[in-house]
Amino acid sequence: MYTWICAALVLLPLAAAPVAALAGTRSGRARDNFTAAVTAGEFLLALALLSSGRAGALPLPRLCGLGLELQFGGLRSLLAFLAAVGWLSGTLMLREYFRGSAHQNRYYAFWLLTLGATAGVFLSADLLTTFVFFELMSFTSYVMVVHTQRPDAVRAGDTYLAVAVVCGLATLSGLMLLYRLTGTLNIDGLYDAVQAVPPGPALWTAGGLTVVGFAAKAGAFPLHIWLPTAHPAAPAPASGVLSGVILKAGVFGILAVSTQVFRFQTVWGNLLLAIGLVTMVLGAVLALFSVDLKRTLACSSISQIGFILTGIAMQCLLGEHGVVAAAGTMLHLVNHASIKLILFPAAGVIYCCLHSFDLNRIRGFGRDKPWLSAIVLIPTLSLAGVPGFSGYVSKTLLHESMVEYIHLVEGSPLLEAVYTGAEWIFLLTGGLTCAYLLKLFTAVFLEPPPRGCAPGHKVYMSRTSGLTLSCLALALLPLGLLPHRLMEPLARLAIPFVTDEALHEISYFTPGNLRGAIISIIIGLMVYLYVVRRLLIRENELGSRYLDRWPRRLNLENRVYRPLLLFVLPFLGAVAARLAETLVDGTLSLISRALYHRQTSTVEPDVDPEFAAFSSKPRPRQGFRYSFAYSLMLMGLGIAFCMLYLILR
Amino acid sequence: MSGAWLLVPILLPVAGGLSMLRIRSSRLRRAVTLGVLSAQAVLFALLTFLVEGGEPLLYLGVDLPVRLHSDGVGRLFGLLVCLLWLAAAVYALDYMEHKENRARFFGFYLVSLGALMGICLAGNLITMYLFYEMMTMLTVPLVIHTQEKRAIAAGIKYLGFSVLGAGLSLFSFFFLRRYWADDLFAPGGILNPAATAGHEQLLLVLYLLMMIGFGAKAGMFPLFTWLPAAHPVAPSPASAVLSGLITKMGVLAILRVTWFVYGPELLAGTWAQNAALALALVTVFVGSMLAYKERVLKRRLAYSTVSQVSYILFGIFLLDGTALKGALLQLVFHAVAKNALFLAAGAMILAVGQTRVEGLRGVGARTPAALAGFALAALSLIGIPPTGGFLSKWYLVQGGLDAGLSGWGYAGLAVLMVSALLTAGYLLPVVLAGFFPQEGVQPPQQECPLSAGINGTVLLLAALTVALGLFPGLLDPLVEPALALLAPFGS
């Protein structure tokens, strides 16, 4: 029966999508209710699958020619459940967010298609299946990004799709090479198959190319460029699933490749660690500088993906002892998903009232709204890694794994210094996370509203939205308080995907572990007081004002990718292609001119209506063909041919 | 039964086409066209299963026999042509209501199908050459149908390139006929090893000449420039069959020469194979690049054909079973997708009267069905799973890596991926700007409503690209017999 549930998780939303669009042409209410019913069904199915604890596979031979395969259990069921949660909560809140907006039928159809595709990615047994659903997901989620069709949304959508297509093709070529080397793409069987392949550039090329598409979707540096514009452009509940769930599809792919193809490869681990660290710092700094609520949250997603990547890297480096890193990765993944599923829609609630995400305009919105403050406070504290909240647990595990590795390399002072540096970057980024969250929370919930704007809005969110958000926030609360009872089972469920080792008991609230969190929080407070308050806020007679101090020129997308891909490379390619085209047409016209060079007589049809008359009168000679230059050119060509003949003879 | 029965599918459309001279009423024309084409598809399938043929039907000279025979390859190409010809006809019957000279158009449309059938059923090179030239002559009127100056110039260019190409092939044929014992096509080649010994270099030169010659029809570099001139000026249903199917006759000729006359054994690893592979890959890149730079939608699609057909040629030249499977799948998927694209483009252009890509912003509001069909077919052409184009590329690359020419395998992978990227670059913006124009962009004015026949054909073909991609097993009865003939001879 569970195989059927697994199939239904993928097929139900895919089949329901056209129905939703059709229903919408009759009545918007019917469509909304239908979509809510479908996502609720999906949620119940995913819950059943997760709570059963079963595992199994569903091969679909010959589908797409090569055969696809679905699999469930462990991490896969967990991620599918997260997706269902994301979509259910998103659907419940969309109704309020979308009131009276256009193109809703289109949106709901693609919303459901994306759910099916995302479930397909998470439940895939082999990388080909992953890729098939991954591409589907990229294309269908595009519609969510451009939904408003505002210029910035269209531009963000273009970038989103371009990154997806370019990096998707890289992944496809990687998969082709990998399949050629190993003869299988089944995730569980890949490690054994890779063992039979001699290590060398072929395997590295194959694995490296495969990761590109997944890394781009996850938002890893330097392929993160689409994220800060695409997530804010989408409607807020959609941003929630884009950030909370769809990024995880990329992480799923990276996990699969780095634990199967590159298991225990130190070089790969170091590369990934570097990427992870850069991504986490970059995301946090971008978030700190941003003055737009949603953009801050999007950049924060980049940063958190950096944490997750670091976890994956530590698994590679620690090898046999990587179980703590694995647990940290999995838990951070779950944490980040649930946190963003609350924060983005909460931002949407603010947008529905004020129609802005600009911190200077939404400032003080939540001052007299304790319910909303409480809902936002829980995920914020969790993300900041405050002890007692879920984020603390996963960050502690990640930190613990780094400390473990530093112990492992104790013999070599250089390595020790390098990895201690990495540890400090980790703690610093934790501090930056605290700082930007403090900035957001202070701005929205503590500061006074800008002068002339009444706080107002007695009824600022519908009952459905309020309940949905409260449920999500309440679910988050016990996780952090009872890590052994609630979070470790989750980790145990997910870990078999990456390692066979069992997770041992960990004490989270030891002084050593608390120290890391406290260092981060202190750094965060210092950054907030000395950087945010001094540099990013200007006090004037109207009150304080948040400044956008990020230099416009520092934009990888506009400075490098767009010029390169839109101008430089096409220009070079077009020059080559035009040359090839002119070569043919030019040669042919040259030949025809040479052949018709001396035409001295013409047929004149006008002389007699019955017969054409032949005239010996020569044609008027004009143009290049009759010029001296033309004769010279032909003579030159003749000489060239003679020379060629002499040389080649 | 005798091979003379195979004349039936050749003569039936000719008869149907000639009857158009006498038919005045448009309802009767519709009935005859659809009747003839449906009967044609059924008859072709039946007769090619029942009759093998192969014996000489007629001698052109002392030893130039005309032979018709049917095998797996001919059946695959022929059935594909028959079915898509029928689909395009359904579209054309509605589309041409808006144009002049309908009787002439449908006359030549049907008669030229007879020539295509002849190429598919030809049993030897000279028969194929005859029908090949016939096809060129009969399709010129489709190109110059509008009789605009531009169309006539394009028609002459088409004629010139095609005749030049066929002439190159004929030239090679005259040399080649000294080297075979029996001229009936046979998988794995018919050249007599005793006769060819010592003349390999000459034979390879002739091979390359033939490839360039027949490659003219398939739009292969260097003789491809007629294609972007001729395909866009024809009425859209004619462009669709010109681009989707008639180019495939060049492919069939190349397949026949490579696998049925020369055989992989003689060609594998020679400079001629390398040269042919290089030409194919250059074409893939050049076609895509020029399409990316083109602003007129139908010309863009014509350049895209240049690129996509050479994927098939690349698969044929690799002389490998897996790559050949990719090539045959690409043949089917490209034919379906390109027909869908041209028909959809024609429908949009007819509806709003804009031929340039910029003019079609927001067209999704006017012709949602046509643009949706365009979108699905575009995904197939790019090779996004689960559409068909994904699978053919998979086999092409796997075959290329298998073929023992590892350099070409990697080069093929790289060029195919760059080309796929460019394909996305020239097709997706049309779809995206059509469905999701920036706020404030006014959709173009509707000039003419689209009939159910037009929208239905486009959507049917587009749905077919997805259905065949999801269940490529549906194609097995057609593709597997052709592969079974040839794969044992591959590397």
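The values are calculated or read from the model by the stated rules, or taken from the named source; none is laboratory data. Everything quoted here is computed from the prediction, not taken from an experiment. Reconstructed Cβ throughout: ideal geometry from the backbone, glycine too, with neighbour counts over all protein chains shown.
Among the conditions (1) within 13 Å of chain A (Cβ to nearest Cβ); (2) in contact with a Gly (Cβ under 7 Å, 6 or more places away or on another chain), B:VAL261 misses just one, which is (1).
Which of the following residues is out of contact with any strand residue (DSSP E or B) (no Cβ under 9 Å at 6 or more places or on another chain) and more than 30 Å from A:LEU181 (Cβ to Cβ): B:LEU428, B:LEU422, B:LEU416? If you could, list the steps in order and put the result at the bottom.
Working: B:LEU422 fails: more than 30 Å from A:LEU181 (Cβ to Cβ); B:LEU416 fails: more than 30 Å from A:LEU181 (Cβ to Cβ).
Exactly one residue qualifies, and that residue is B:LEU428.
All told, B:PRO385 meets the bar of being under 22 Å from B:VAL336 (Cβ atoms) and facing chain A (nearest Cβ under 10 Å). Among the residues of segment A:545-589, those that are more than 14 Å from chain B (Cβ to nearest Cβ), touching a Leu at 6+ places or on another chain (Cβ under 8 Å) and of a type outside the set (Lys, Arg) comprise A:TYR546, A:LEU547, A:TRP550. Apart from one condition, A:ALA21 fits all of (1) touching a helix residue (DSSP H, G or I) at 6+ places or on another chain (Cβ under 8 Å); (2) away from chain B (no Cβ under 14 Å); (3) at negative phi; the exception is (2). Hey, any hits in segment B:296-303 for a residue that's surrounded by 24 or more Cβ atoms within 10 Å (Cβ to Cβ), under 15 Å from the mean Cα position of the chain (by Cα) and away from chain A (no Cβ under 12 Å)? Yes, some residue in segment B:296-303 is surrounded by 24 or more Cβ atoms within 10 Å (Cβ to Cβ), under 15 Å from the mean Cα position of the chain (by Cα) and away from chain A (no Cβ under 12 Å).
Residues that are polar (S, T, N, Q): which helices (runs of 4 or more DSSP H) entirely in segment A:313-406 hold 2 or more of them?
Values: elements: A:323-354, A:359-362, A:370-384.
It comes to A:323-354, A:370-384.
Residues of segment A:497-510 that are modelled with pLDDT under 85 and in a helix (DSSP H, G or I): none at all. Just to be sure before I move on: is B:ALA344 under 14 Å from the mean Cα position of the chain (by Cα), small (Gly, Ala, Ser) and either in a helix (DSSP H, G or I) or not assigned by TED's automatic domain parsing to the domain that holds B:GLY188 (or both) in the structure I sent? Criteria not met by B:ALA344. So A:GLU42 clears everything in (1) within 14 Å of chain B (Cβ to nearest Cβ); (2) under 19 Å from A:THR3 (Cα atoms); (3) of a type in the set (Asp, Glu) except one condition, right? Which one? Here A:GLU42 meets the rest and fails (1). Residues that are assigned by TED's automatic domain parsing to the domain that holds B:ALA467 and within 30 Å of B:TYR395 (Cα to Cα) do not occur anywhere in segment B:351-361. Surrounded by fewer than 22 Cβ atoms within 10 Å (Cβ to Cβ), out of contact with any helix residue (DSSP H, G or I) (no Cβ under 8 Å at 6 or more places or on another chain), assigned to a helix (DSSP H, G or I) and not hydroxyl-bearing (Ser, Thr, Tyr): does that describe A:VAL267? Judged against the criteria, A:VAL267 is a match. If we scan segment B:318-334, do we find a residue that is hydroxyl-bearing (Ser, Thr, Tyr), out of contact with any Lys or Arg (no Cβ under 8 Å at 6 or more places or on another chain) and closer than 29 Å to B:PHE260 by Cα? Yes, segment B:318-334 has at least one match. The residues in segment B:305-326 that are of a type in the set (Gly, Ala, Ser) and within 13 Å of another protein chain (Cβ to nearest Cβ) can be counted, and the count is 4. Would you mind finding the one in A:THR310, A:THR296, A:THR259 that is closer than 28 Å to A:GLY200 by Cβ, in contact (Cβ under 8 Å) with a residue 40 or more places away in the chain, buried (at least 24 other Cβ atoms within 10 Å of the Cβ) and of a type in the set (Ser, Thr, Tyr)? Answer to the selection: A:THR310.
Rundown of residues vs (1) in contact with a Leu (Cβ under 7 Å, 6 or more places away or on another chain); (2) facing chain A (nearest Cβ under 8 Å); (3) part of a helix (DSSP H, G or I), yes/no style:
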| site | (1), (2), (3) |
| --- | --- |
| B:LEU391 | yes, yes, yes |
| B:GLY400 | yes, no, yes |
| B:GLY404 | no, no, no |
| B:ALA411 | yes, no, yes |
| B:VAL415 | yes, no, yes |
| B:LEU421 | yes, yes, yes |
| B:ALA424 | no, yes, yes |
| B:VAL430 | yes, no, yes |
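Test of understanding: among A:ALA17, A:ALA55, A:ALA7, which residue is closer than 19 Å to A:LEU78 by Cβ and at pLDDT 90 or above? Talk me through it step by step, then tell me what you get.
Numbers: A:ALA17 fails: closer than 19 Å to A:LEU78 by Cβ; A:ALA55 fails: at pLDDT 90 or above.
After applying the criteria, what remains is A:ALA7.
When A:LEU136 is tested against (1) in contact (Cβ under 8 Å) with a residue 40 or more places away in the chain; (2) within 12 Å of another protein chain (Cβ to nearest Cβ), exactly one condition is not met: (1).
One line per residue, one yes/no per condition, for (1) among the aliphatic types (A, V, I, L, M); (2) at positive phi; (3) touching a residue at least 12 places away in the same chain (Cβ under 8 Å); (4) in contact with a Cys (Cβ under 9 Å, 6 or more places away or on another chain):
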{"residue": "A:THR171", "(1), (2), (3), (4)": "no, no, yes, no"}
{"residue": "A:GLY207", "(1), (2), (3), (4)": "no, no, yes, no"}
{"residue": "A:THR229", "(1), (2), (3), (4)": "no, no, yes, no"}
{"residue": "A:ALA233", "(1), (2), (3), (4)": "yes, no, yes, no"}
{"residue": "A:SER243", "(1), (2), (3), (4)": "no, no, yes, no"}
{"residue": "A:ALA249", "(1), (2), (3), (4)": "yes, no, yes, no"}
{"residue": "A:ASN270", "(1), (2), (3), (4)": "no, no, yes, yes"}
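When every residue of segment A:71-90 is checked against the conditions, at least one turns out to be touching a Pro at 6+ places or on another chain (Cβ under 6 Å), under 22 Å from A:ILE342 (Cα atoms) and either assigned to a helix (DSSP H, G or I) or of a type in the set (Asp, Glu) (or both). Of the set (1) surrounded by 24 or more Cβ atoms within 10 Å (Cβ to Cβ); (2) touching a residue at least 60 places away in the same chain (Cβ under 8 Å), all apply to A:ALA21 but (1). Please tell me if A:GLY200 is among the small types (Gly, Ala, Ser) and touching a Ser or Thr at 6+ places or on another chain (Cβ under 7 Å). Answer is no for this residue.
Among the criteria (1) farther than 30 Å from B:GLN330 by Cα; (2) under 21 Å from the mean Cα position of the chain (by Cα), the one B:SER25 does not fulfil is (2). Looking only at residues in segment A:146-160 that are within 17 Å of B:VAL431 (Cβ to Cβ) and either among the small types (Gly, Ala, Ser) or at the interface with chain B (Cβ under 7 Å from one of its Cβ atoms) (or both), the one that is farthest from the chain's Cα centre (by Cα) is A:GLN149.
Taken over segment B:46-65, the residue count meeting the criterion of being part of a helix (DSSP H, G or I) and surrounded by fewer than 17 Cβ atoms within 10 Å (Cβ to Cβ) is 3. Taken over segment B:437-473, residues that are more than 9 Å from chain A (Cβ to nearest Cβ) and among the acidic types (Asp, Glu) amount to 1. The residues on offer are B:ALA41, B:ALA31, B:ALA92, B:ALA87, and the sole one that is farther than 24 Å from B:MET249 by Cα and in the same structural domain as B:VAL241 (by TED's automatic domain parsing) is B:ALA31.
Looking at segment A:47-60, can you tell me whether even one residue there is surrounded by fewer than 23 Cβ atoms within 10 Å (Cβ to Cβ) and within 14 Å of chain B (Cβ to nearest Cβ)?
Of segment A:47-60, the ones surrounded by fewer than 23 Cβ atoms within 10 Å (Cβ to Cβ) are A:47-48, A:50-60.
Within this subset, residues satisfying the condition of being within 14 Å of chain B (Cβ to nearest Cβ) are A:60.
Checked against the condition, which is being surrounded by fewer than 23 Cβ atoms within 10 Å (Cβ to Cβ) and within 14 Å of chain B (Cβ to nearest Cβ), segment A:47-60 yields at least one hit.
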